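Following: one structure in structure tokens, then a few remarks.
Read the figures in this text as sums done on the coordinates, not as results from a lab. This one's a predicted model, so the numbers in the text were calculated from it and none came from an experiment. Reconstructed Cβ throughout: ideal geometry from the backbone, glycine too, with neighbour counts over all protein chains shown.
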Amino acid sequence: MTASMYKFGRLLSTIVSQNIAILIAIGLIRAVFGVYGWFPNYNVNLLTGPLLSWLLPVLFGYTGGHLMGGKRGGTVAAIVVFGLALASTVSMIFMAFLLGPAIGWIVNRIDRLLENRLPSGFELLMANFISAVLAGTLAVFCFSYAGQYLSSIIEQLNDYIVQIAYSGWLPISAAIIEPAKVLFLNNMLSYGILGPLGISQIKDLSKSIFFLLESNPGPAMGMLLAYIIRMRGKSRVNASSTLAIHSLGGIQEVYFPYVLMRPQLLLPLIAGNMAGIYVFQYLDAGLVSIPSPASLLLIVGLSPPDDVVYILLGITVSTVVSLSISLLVIKAIPEIPEEAVENREHDVVQRLVYVQQWNEVKRVLRPVSKVIPNKAATVEAKTGQSAPAAVYDDIITVCFSCDAGLGSSAMGAAILRKKLRSTELGEKVTVVYSSLDHIPQNSKIIVTHHYLLKRAMNNAPGRDYVSFEDYTDPAAHEMILNKLRHLVGKS
């Protein structure tokens, strides 16, 4: 059950993250030209209604259908969701999340059933015809019957969401949000759960507090400031650069290693986020869209003008609370010796083993800057079957991979590209980034975090793997350069 829910959450996360540009665009239009915007303009603001009611559900439906059933599945899902949206009095975003993948799955099953059962030469004709019949039938049904019925259900659901947003229990959600973020579930939380809840509110309320629950940078800023105050030397320098990347760049993964090495720091993070949520609730603050990445600059840009001060106040309160408690925690915990790092990581993973994809991760943990050799021969020796072959060309492709393929992997790839430009390898190496579920087939070297390594090996077997604690670690990037020089020298 837990595994199924996790997979469903990742599916929702992918649907939202692939359409994040339109969400931010709608939010910016509302923030600038909305009723409570910087420059209210009724005619321009009229554009957001059709975008939220029709275009956004159709895009979500197409993306979900495409993920489950290819382009044909996405097309059928888009037609059905559009018929549903036209007949509805509320935005069908929630239903698009459900209908899109479901219709894509149905199309995929139909394609499998028809495979090798149609007369030669008629496969494409019959597949397209059956898909068209399915799309037309479901679209007519949704437009004629389902739209109005589902509208009443969605309205009741929106009422429940509003009650939750203003209930006294909402700050307690920080006790779930902060540990989940450190477990690299931040994108699933933001895009798969809290994002859809917020999107359901913005048409009627023009803003939502749910966009602030996971993206609030205050708790981590307080914890990193405590490191800067308490630590000396390299630890202070690293914490300073991490603070800038997290707060201004909006990349959350950079502070996760600090907490994974000292799980006690979850306490100030939870307390800081609880305090911030309470302030946001009390002052009725919210954002007009998902801030992706969760940068202070983007958060301010997506804040209604009347809420900017309230949101900054909530972030400040989060920072102060987290800083105060982090100072006590860091003082009470002795500095971890370098030689104990690997053992401490092993203990941390054992505490967090309830997350499914980590069940066997302790078998593949490696210290910073160690390369895991190609596993293809091992797989063949154990199973008697060859591992799926990767497709390589003359250019060596290095892929930085994280859970969603958005923040930390993009940053790591940019750093390596910059280093490559000053070496002789610039024309012989291509650096890309991706999510763990969509690693390119031509990737020769896959770079990821320690705790995501098992998923990378399962999703893209038979490669060279590099795992480390921090995507910005200079020693790790230098090790990758040495590895590339060796590979180029052999070719």
Neighbourhood net charge (11 Å Cβ-Cβ; Lys/Arg +1, Asp/Glu -1) for Gly104:
+2
Enumerate by residue number the trypsin sites (Lys or Arg not before Pro) in the range 226-300 meeting two conditions: DSSP loop (anything except H, G, I, E, B), and at most 10 other Cβ atoms within 10 Å of the site's Cβ.
Arg232
Given the pairs Lys71/Lys418; Lys234/Lys419; Lys7/Lys331; Lys419/Lys454, which are separated by over 29 angstrom at their Cα positions?
Lys71/Lys418; Lys7/Lys331
What net charge is computed for the residues neighbouring Ile445, neighbours being all others with C-beta under 11 Å from the C-beta of Ile445, Lys and Arg scored +1, Asp and Glu -1?
+2
Dipole-positive endmost among Gln264, Ser215, Ile330 within the range 207-344 (Cβ charges, Cα centre):
Ile330
Simple spin-label estimate for Tyr42/Arg417, 7 Å along Cα→Cβ, in nm, reads 4.6 nm
For Ile164 and Val488, compute 0.36 nm times the residue count separating them, minus their Cα-Cα distance, and round to one decimal in nm.
110.9 nm
P(r) histogram, all alpha-carbon pairs of the range 2-178 included - 5 Å bins from 0, percent:
1, 8, 13, 15, 17, 17, 12, 8, 4, 2, 2, 1, 0
How big is the C-alpha Rg of the range 157-214 next to the rule-of-thumb value 2.2 N^0.38 Å, as a ratio?
1.11
Rh_Kirkwood(the range 41-107) over Cα pairs, Å, one decimal, evaluates to 11.5 Å
